[in-house]
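Here the structure comes first, spelled out in structure tokens, and everything after it is commentary.
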Amino acid sequence: MKLSSVSSKTKIRHNNGINETFRNLPLPAKRVMFLVLGQVDSKKLIPREQPYRIYASEYAKICELDQSTAYKQLKSAVEQLQSQLLTIPKKEILAPFARAGDPLWKRPEGNGVRMLNVTEYCDYEVDSGYIDVVFTKQMEPYISKIAGNYTSQILLSAARLNNSHSSNLYQLIRENISKKKTHYFDISLNDLKMHLGVYVDKDNYNYPQYKDFNKFVIKRNIPVIEKETEIKDINVEIIGRKGRKASELRISYRIDDQMKFTDF
């Protein structure tokens, strides 16, 4: 699909195995990934070494940015993507799609993780105002021929969120919607912090007081999501405590299937 034909109904899909990679991407790289996935038919195998092109004018229009900012973000994005690693537990790695002449793939031994490159290469053409992105063979099964275990997002919603917390919360809600949880889901406080990137490491989380996390992360980003996306009436309530401290949350929401986006 061409980006010129993007509409309010255009969706992007990716296997849940790369959700953590998406959460950790800087905003420009994340937006480029969204716009590339908008051109990928997730039900078909993508052609090997297929370049996906994004013009600064398209990036600016879809992400609602001025042209100067679009150029700067595209340059940052290709630098970020080319150095981005896809970290997958060895037992969960999806086998790359076999093509004629490819050697037989064997699942890696051990219980650790394998670090793979996301992109084969990225081109930045400043004079012509575009970038080209080519995925690695290892990345293909996470974005094409997807049959299940995926997250589906509305492209315009995902691309127009302007900070990592709102983007990650939107992705988390859409992941649960893809699991048929169309009205609410329950999640531990620590898991929510992990999904939003509010942590130092797996044992140390920022905002140890829930009231601060609620004030500076949740309350600040719910209005952003409700304004820019089809997810409305978001509510986060405490449903479990350990002692006096919040430990379990319920996130409820409504999906506005008739959401109309500006300029489209």
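Values in this text are rule-based calculations from the coordinates and carry no lab data. Small disclaimer: the values here were computed from a predicted structure and weren't measured. Using ideal geometry, Cβ is built from the backbone for each residue, glycine included, and neighbour counts are taken over all protein chains shown.
Please determine, in degrees from 0 to 90 and to the nearest 10, the orientation of helix 164-178 with respect to the longest principal axis defined by the Cα atoms of the chain, where the helix direction is its Cα long axis. Rounded to the nearest ten degrees, it is 90. Angle of helix 27-37 to the longest C-alpha principal axis of the chain, folded into 0 to 90 degrees and rounded to 10: 60°. Residue 43 sits among other residues whose Cβ lies under 14 Å from its own Cβ, and their net charge, with Lys and Arg +1 and Asp and Glu -1, is +2.
For the range 164-255, the dipole from Cβ point charges (+1 on Lys and Arg, -1 on Asp and Glu) about the Cα centre works out to 260 debye, to the nearest 20. Using the Cα centre of the chain as origin and beta-carbon charges of +1 (Lys, Arg) and -1 (Asp, Glu), tell me which of 163, 207, 239 is placed farthest towards the positive end of the dipole. Going by the Cα projections, it comes out as 239. Working from the Cα coordinates of the range 55-110, the gyration tensor eigenvalues give, after taking √(5λ), semi-axes of 37, 14, 10 Å in decreasing order. Shape class of the range 164-255 from the Cα gyration tensor (axes a ≥ b ≥ c, square roots of the eigenvalues): prolate, since a/c reaches 1.5 or more and a/b is larger than b/c. For the range 193-250, trypsin sites (Lys or Arg not before Pro) meeting the loop criterion (DSSP other than H, G, I, E, B) and having at most 15 other Cβ atoms within 10 Å: 202, 244.
All C-alpha to C-alpha distances of the range 1-63, sorted into 10 Å bins beginning at zero, yield P(r) values of 18, 53, 28, 0 percent in whole numbers. A simple charge model with +1 on the Cβ of Lys and Arg, -1 on the Cβ of Asp and Glu and nothing else charged puts the dipole of the chain at about 920 debye relative to its Cα centre. Tally Lys and Arg at +1 and Asp and Glu at -1 over the other residues with C-beta under 12 Å from the C-beta of residue 144: what net charge comes out? Here the charged neighbours net out to +4. In whole percent, what relative contact order does the chain give with Cα contacts below 8 Å and a gap of six or more residues? Averaging sequence separation for qualifying contacts and normalising by length gives 22 percent for the chain. Multiplying the residue separation of residue 66 and residue 209 by 0.36 nm and removing their Cα-Cα distance gives an extension gain of 47.7 nm.
What the Cβ-Cβ distance of residue 147 and residue 79 gives, at R0 = 51 Å and to the nearest 0.05, is a FRET efficiency of 0.95. Which angle from 0 to 90°, rounded to the nearest 10, does the C-alpha axis of helix 67-83 make with the longest principal axis of the chain? Taking the Cα atoms of the chain, the angle to 67-83 is about 80 degrees. Can you work out the FRET efficiency for the pair residue 180 and residue 128, with r the C-beta to C-beta distance and R0 = 45 Å, to the nearest 0.05? Taking R0 as 45 Å, the efficiency between residue 180 and residue 128 is 0.55. Considering helices alone, the calculated mean residue ellipticity of the chain at 222 nm is -9500 deg cm²/dmol, with DSSP H runs of length four and up weighted by -39500 (n - 2.57) and normalised per residue. Label separation (residue 244 vs residue 216): 2.1 nm, computed from points 7 Å beyond Cα along the C-beta direction. In the chain, the C-alpha radius of gyration followed by the widest Cα-Cα span (Dmax) gives 18.9, 61 angstrom. Here is the list for the range 105-200: GluC sites (Glu not before Pro) lying in DSSP coil, each with at most 16 other C-beta atoms within 10 angstrom of its C-beta, are 109. Relative to the current alpha-carbon distance between residue 97 and residue 9, full extension at 0.36 nm per residue lengthens the span by 28.8 nm.
Taken about its Cα centre, the range 3-153 carries a charge dipole of roughly 680 debye when the Cβ of each Lys and Arg holds +1 and the Cβ of each Asp and Glu holds -1.
Net charge near residue 158: determine it from the other residues with C-beta under 9 Å of the C-beta of residue 158, scoring Lys and Arg +1 and Asp and Glu -1. Net charge around residue 158: +4.
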